[in-house]
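The values are calculated or read from the model by the stated rules, or taken from the named source; none is laboratory data. Here the structure is a predicted model, which is why all the values come from computation and not from measurement. Cβ: placed from backbone, ideal geometry, glycine included. Neighbour counts: every protein chain shown.
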Amino acid sequence: MRPWRMQSWLPLHSKNLLLSVQQTTSLQQELVILLLVVLLAMMLENKLAMPTTDEELLQAVADVMIARLSSATAAFDATESTGGTPELVPQQQQVDYQAHELSTMMLSFAHAQQRIGFACEPLTMAVADALQPQVSKLEVPELAKVAWSCATQSLSAPQLMAAVAEAVAQLPAGMRIGSKDIATLVWALAEQDICRADVYAQLIHQVLPVIDGLSYQDMSNLAYGLAKTHAARREHAESQFLAGAGDLADEGGGRTTTSAAAEREVMAGILARADLNLEQFSDKPLHLSRLLWAMATWQTSAASGSGISSTTELTGSSALAMRAIALAGTTVDTYSAEELVHIIWAYASLSTAASSSEDDGTGMTTSGQELSTVLGRLVGILQGHLADMGAPTVCHLVWAVAALRYPAHELLDAATAVLVNKVQDMALPSVAALAWAYARLMHPANELMDRVVSIAETRLDAMQLPHVAR
């Protein structure tokens, strides 16, 4: 039945279907899946909440599926432990869901949550639990969709994601993987804090020959995933060093010099493409801001400790960010406040990471005065949106203008009013960055700074930093 016909048919019969679902547990598996997918598809198509009866029907279908998935998972677990075929539930309720069906459901839930706000965490977790033992049966595109679904929903399913990572690591050598699937997997694994070196090596070596064919979204996803993982490895190395259990040069995880060089080559290739196509890229603000965040995160994490090395440096990234700010100033209405902050923060971070006296050879044409004019306009616009931003985003903006030595005192006054009651919930690095920014611009904010000092004292007292003085 075509979607438009189903759209007119379902409301007429939803009450009867609701009664049928509520009164029986013997519905055929195919009907349950069909109802779920059709309901979600209609909601996604309309991008609107459905009538109350249809919402009840969707929840009733979800309840049936939770019961069946839980029974199927329990049956699988019992079979694994005993080697038998347990009769845990009536025969008609024992459903052998296929891996591809479960992965399709995961994808549907992610789209439903992302686009219309529908979420049923118990059902999603039941699907994840049922899928985890069958992950090895999935093809690579399905692995990418499952990983994307978990990351998009911020789903805490570590066993499922570990199984996805293991399945990627075990792919046959030389097996071709689509560039979109690679970008999706790298982004999703990074979002779920999975930093397995063998998994990234499997993916990155395949993307090198096809960088020129990546979409803007794939470029930003790939750069974001690599940068976040790079920063996580660096943070791990530093924590190990502070604990006296490692060396700053060792980022752990079994990552080889070859793998590190391949990752840097991918980042450099993405940077080169973005530099050549920045005007087209600027029409996609989300992807451009994410890409610049990635470049800045990569460069600043590489610069921590002993400075930027030739194996991690991304030459030209600062000039790219400067050009992006200039372009954003001409199309500011297409950017969200957060996207503008990310671009400004990226330029400030890249400018401070690189030597101010070093010419990166990119033929930079935007003068300091032109940049100051554009920056002033953007800061003025963002000042009116501070109350709608999260505290970390406000902190990034404040830090960025201070790093650029831009005298945005009206912005800092407005930021003080926003942050004074939120600073206690901020992470310690953000608190430190905030204090540095106000000090650098010599901007008075007594109440805010009193709270910053109190928070710093309390948290530092609770920290244990052995071997720091060695």
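Tabulated values for the structure
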| read-out | value |
| --- | --- |
| Close pairs (6 angstrom Cβ cut-off, 6 or more residues apart or separate chains): at pLDDT 90 or above in the stretch 428-457, surrounded by fewer than 17 Cβ atoms within 10 Å (Cβ to Cβ) and not acidic (Asp, Glu) anywhere | 443/409; 447/420; 448/420 |
| Residue 373 vs. criteria part of a helix (DSSP H, G or I), polar (S, T, N, Q) and surrounded by 18 or more Cβ atoms within 10 Å (Cβ to Cβ) | no |
| Members of the stretch 176-190 found to be more than 13 Å from residue 211 (Cα to Cα) and among the small types (Gly, Ala, Ser), listed by number | 188, 190 |
| Failed condition for residue 177, given (1) in a helix (DSSP H, G or I); (2) over 19 Å from the mean Cα position of the chain (by Cα); (3) not assigned by TED's automatic domain parsing to the domain that holds residue 107 | (1) |
| Tally, over the stretch 203-228, of residues that are part of a helix (DSSP H, G or I), free of Cβ contacts under 8 Å to residues at least 40 places away in the same chain and within 15 Å of residue 187 (Cβ to Cβ) | 2 |
| For residue 381: the one exception among (1) buried (at least 19 other Cβ atoms within 10 Å of the Cβ); (2) farther than 23 Å from residue 297 by Cβ | (1) |
| Failed item, numbered, when residue 141 is tested on (1) farther than 30 Å from residue 63 by Cα; (2) touching an Asp or Glu at 6+ places or on another chain (Cβ under 7 Å) | (1) |
| Neighbours by Cβ (under 8 Å, 6+ apart or cross-chain): first from the stretch 409-423, closer than 16 Å to residue 454 by Cα; second of a type in the set (Lys, Arg) | 420/451; 423/451 |
| Failed item, numbered, when residue 166 is tested on (1) farther than 18 Å from residue 228 by Cα; (2) at pLDDT 90 or above; (3) in contact with a helix residue (DSSP H, G or I) (Cβ under 7 Å, 6 or more places away or on another chain) | (3) |
| Filter result for residue 209 (under 20 Å from residue 224 (Cα atoms) and over 19 Å from the mean Cα position of the chain (by Cα)) | yes |
| Residue match in the stretch 96-108 (condition: among the charged types (D, E, K, R), in a loop (DSSP other than H, G, I, E, B) and either without any contact (Cβ under 8 Å) to a residue 12 or more places away in the chain or in the same structural domain as residue 232 (by TED's automatic domain parsing) (or both)) | no |
| Every residue from the stretch 126-153 that is closer than 20 Å to residue 112 by Cα, surrounded by fewer than 23 Cβ atoms within 10 Å (Cβ to Cβ) and among the hydroxyl-bearing types (Ser, Thr, Tyr) | 152 |
| Conditions (1) within 15 Å of residue 103 (Cβ to Cβ); (2) at pLDDT below 90; (3) surrounded by fewer than 18 Cβ atoms within 10 Å (Cβ to Cβ): number failed by residue 208 | (1) |
